[in-house]
Amino acid sequence: SFCPMKRLPGLLAFFSLLPLAHADVSLAPLFTDHAVLQRDKPLPVWGRADVGEAVTVQFAGQTRKTTTASDGRWVVLLDALPANPQGTDLTVVGKNTLTLHDLVVGEVWLCSGQSNMEYTVDARAGTWQANSRVVNAATEIAAANFPLIRHVRIAQQVAESPADTVQTGGWQLTTPQTVGGFTAVGYFFARDIFQKLGVPVGLVHSSWGGTPVES
């Protein structure tokens, strides 16, 4: 099986993961409450709205304005920010207003690959159950109290061509109630990084057991 762990680049391929909705201003699916944003890199924020709609983004003392392009897409680029464990609101204003809560800045990593990345901390919470429960799972789960380690699962969906949006369950903080459904490899990696660096760590989990890397 092939399961890369990759730090997400600053732009995070903003032409992917775009929501399809028009009219009201909307954000790409990775922007939800509790999200982790990449530190020390120019920080894109993007989404969709009506063509020609004025959009204003406010975060961490920065304000950026733009106008939606002819394809309904918009993007602004915030200045690079240092790691910050303090939850901060992100506000987007167009014809409507969106406010996301408790966003932190730290390390963001993509967890991709096949079954060995998809294996969850608790087998009962995942699709790939054979041998997927970690050693000492009950102890590990009980001790999983790391609100600055956060995980978002990208829903699996068959597509015959590249998609420009995804479904997620939103960002989850690491607690004994949530960690069972996290990628096990990703979680233990994130815990090591967090304990060494002391900054928030975000895991974007996009894996699918038994699939070729091209898909």
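The values are calculated or read from the model by the stated rules, or taken from the named source; none is laboratory data. Being a predicted model, the structure only gives us computed values, none of them experimental. Methodologically, a virtual Cβ is constructed for each residue, glycine included, from the backbone with ideal geometry; neighbour enumeration extends over all protein chains shown. Remember, those area values only see protein heavy atoms, side chains included, never the ligands or the DNA or RNA. Shrake-Rupley method; radii C 1.70, N 1.55, O 1.52, S 1.80 Å.
Structure above, values below:
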{"quantity": "Tally, over the stretch 1-43, of residues that are at pLDDT 95 or above, part of a loop (DSSP other than H, G, I, E, B) and closer than 18 Å to Tyr187 by Cα", "calculated": "2"}
{"quantity": "First in the stretch 183-199 and in a helix (DSSP H, G or I), second anywhere and open to solvent by 70 Å² or more (accessible area, probe 1.4 Å) and at pLDDT 95 or above, Cβ under 9 Å, 6 or more apart", "calculated": "none"}
{"quantity": "Unmet requirement for Asp71, which otherwise passes all of (1) surrounded by fewer than 16 Cβ atoms within 10 Å (Cβ to Cβ); (2) within 18 Å of the chain's Cα centre (by Cα); (3) of a type in the set (D, E, K, R)", "calculated": "(2)"}
{"quantity": "Unique match (being within 19 Å of Gly113 (Cα to Cα), among the β-branched types (Val, Ile, Thr) and in contact with a strand residue (DSSP E or B) (Cβ under 6 Å, 6 or more places away or on another chain)) among Val158, Val152", "calculated": "Val152"}
{"quantity": "Residue list for the stretch 132-165, restricted to those being touching a helix residue (DSSP H, G or I) at 6+ places or on another chain (Cβ under 7 Å), outside any strand (DSSP E or B) and in contact (Cβ under 8 Å) with a residue 40 or more places away in the chain", "calculated": "Ser132, Val134, Ala144"}
{"quantity": "Search result, residues across the stretch 167-180 that are on the phi < 0 side of the Ramachandran plot and either at pLDDT 95 or above or open to solvent by 30 Å² or more (accessible area, probe 1.4 Å) (or both)", "calculated": "Gln167, Thr168, Gly169, Trp171, Gln172, Leu173, Thr174, Thr175, Pro176, Gln177, Thr178, Val179"}
{"quantity": "Any pair with Cβ under 8 angstrom, 6 or more apart, that starts in the stretch 48-67 at a residue that is on the phi > 0 side of the Ramachandran plot and modelled with pLDDT of 95 or more and ends at one that is in a strand (DSSP E or B) and open to solvent by 70 Å² or more (accessible area, probe 1.4 Å)", "calculated": "Gly52/Thr67"}
{"quantity": "Looking only at the stretch 90-106, and only at residues there that are not in a strand (DSSP E or B) and not charged (D, E, K, R), the one that is surrounded by the fewest Cβ atoms within 10 Å (Cβ to Cβ)", "calculated": "Asn96"}
{"quantity": "Within the stretch 44-60, tally of residues that are closer than 12 Å to Leu90 by Cβ and either assigned to a loop (DSSP other than H, G, I, E, B) or open to solvent by 10 Å² or more (accessible area, probe 1.4 Å) (or both)", "calculated": "3"}
{"quantity": "Any chance Gly87 is of a type in the set (Gly, Ala, Ser), touching a His at 6+ places or on another chain (Cβ under 8 Å) and surrounded by fewer than 19 Cβ atoms within 10 Å (Cβ to Cβ)", "calculated": "yes"}
{"quantity": "Residue satisfying all of: in the stretch 122-148; among the hydroxyl-bearing types (Ser, Thr, Tyr) and open to solvent by 60 Å² or more (accessible area, probe 1.4 Å); modelled with the highest pLDDT among these", "calculated": "Thr139"}
